[in-house]
């Protein structure tokens, strides 16, 4: 049946999805029923996807201005999707796909959000449609003057939290711009602070965010430094973390409070608690600084903050992760570059002979894959960058793919992965070899594709530096084989594997001699004779180390430089035990546990940390023999 046969009277028109606007135009006397019927007859014969409104405009029955004026006068009681179809902003296929996504979310995500986020419609077009449908006007924030006195009634932090801007007073009412006219909570909060007589207007999220950030920047510096303000509280938190030399800040919502903990020397330590009613404001402030979506409270988010410390005189690079929990949004902030300098390769903590092998038999080799492995927080990135810093000179082309770039190094080409705009790890790796590099730095081998890319780059004569998440050197090789990388490719391209850990350094100000107990020696698999010449220490606890007995951290390393016997073991797909035995006997490999024992015997780390944090695989050699292998003086 054609659409023309569906229309008999004006009262019938609203039943037809394509006649919502036509009904209103007829009510205003702008078109007649005869003209609508004729337009539908033409529409039924067309093969293109034109709408009823397009047809009325093409026939010259109405003008665009008349349509807009009519829609402004009437609140359209139609479903948003149907209305968007009639205005020509959506195709039926797009609408059905969006509705399918909404169904999968079990109705938790609004249709408008899906349409904008998935690129079905521009946010501006959605706002226009909502204005026609609900009857709210559009407010162009770029062309209005904000009455800042209204922020005395409605605090800026509340505006940031609910994404609203009080614009100006209009007689007895206050005009407020919001991005989502269906967000009843934002309207209720506006009425709570500004009074019941609030007039709503619609603006884009981006324009509201820009205005709020501009207002925030216009505040006096005294307000920023005031520790009682939300801004001052967050700034103080960052300064405290720098004072304590923390690597991470954990801001955690709990049932009865908002807890803050610092990770110091790898260990979580309680810092302070905030009352729960401050949680939304603290969270919104961090989101604004990280350029995250302050209105989104149901999804995990990431961001970045560049914080200039007036107290310490440096710029702190902070990576932000927002995670949704049952009590609210947990925020973890990783503090980078707080020392401002990269480590020299000679400062990372390798023993003299191990460092020599590493430089001359791995870093100075023109091609091949060099892997740095260890768990999260083991210092892999710092070691990787110290290697890049060593290789960086005017005659070498170095290019990186990182997620994200953590240290900026002058003279090399660094790419930060950004999946939001299509700069994915896979896409970057495909293009990276076309950039004529000498050295390729991959932030991490995360899957078979990135492993194969590293191997193929090495086969074509490139030097590849990368990191991996495994327990030790042999585990790195075994995991590559488990990722379906052929054994002959591993043996012919991997030149060295470095495994590492970071253990807490015994505080030098309160260190006391410690004699390993029989229980300690038993757990290490050693005897008292094996430890002859050792000078172990344990921190008593003092103000310098916050009474923990530890201050700073020490790198523990295991270096495997591939030789022919190790390569043959890999080709023969020997067990990890066999490969480790061959590596120790023929390549001079010293295990993580053994390197830890040597450093512990020099009083750098405690024997308790060695036992609890380093993998034990086989009986360690004696301290005397290990010192000889590593070139360490007694």
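Bear in mind these aren't lab numbers, they're just calculated from the coordinates by the rules spelled out. This is a predicted model, so every value here is computed, not measured. For neighbour counting, all protein chains shown are included, and Cβ atoms are generated from backbone atoms with ideal geometry for every residue, glycine included.
Laid out as a table, the results:
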read-out	value
Extended-chain gain in nm, criterion 0.36 nm per residue less alpha-carbon gap, residue 184 and residue 28	53.0 nm
Cα-based helix-to-principal-axis angle, 279-289 vs the chain, degrees rounded to 10	80
Pair residue 215, residue 44: separation of 7 Å Cα→Cβ label points (nm)	5.4
In nm, spacing of pseudo-spin labels at residue 321 and residue 633 (7 Å Cα→C-beta vector)	4.3
Nearest 10 degrees, 0 to 90: helix 205-217 Cα axis against the chain principal axis	60
Protection proxy ranking, peptides 511-520, 186-195, average beta carbon neighbours within 10 Å, highest first	186-195, 511-520
Cβ-derived FRET efficiency at R0 41 Å, residue 617 paired with residue 296, nearest 0.05	0.35
Extended-chain gain in nm, criterion 0.36 nm per residue less alpha-carbon gap, residue 488 and residue 456	10.3 nm
Gain upon complete extension [residue 173, residue 66; 0.36 nm per residue less C-alpha separation]	35.6 nm
The chain: angle of helix 592-601 to the longest principal axis, Cα-based, in degrees nearest 10	60
Mean Cβ count within 10 Å, highest first, over the residues of peptides 367-377, 433-443, 478-488	367-377, 433-443, 478-488
Beta bridges per DSSP with both ends in the chain, % antiparallel, nearest 5	65
Rounded, prolate or oblate (a/c below 1.5 giving rounded, otherwise prolate when a/b exceeds b/c) for region 492-533 by Cα gyration tensor	oblate
Of (1) 54, 33, 20; (2) 51, 29, 19; (3) 62, 32, 19, the label for semi-axes √(5λ) of the Cα gyration tensor in Å derived from the coordinates	(3)
Cβ-Cβ FRET estimate between residue 578 and residue 365, R0 fixed at 22 Å, reported to 0.05	0.30
Estimated FRET transfer efficiency (residue 608, residue 93; beta-carbon r; R0 51 Å; 0.05)	0.20
Prolate/oblate/rounded label for region 141-207 (Cα gyration tensor, a/c 1.5)	rounded
Three-way shape label, region 221-336, alpha-carbon gyration tensor, a/c 1.5	rounded
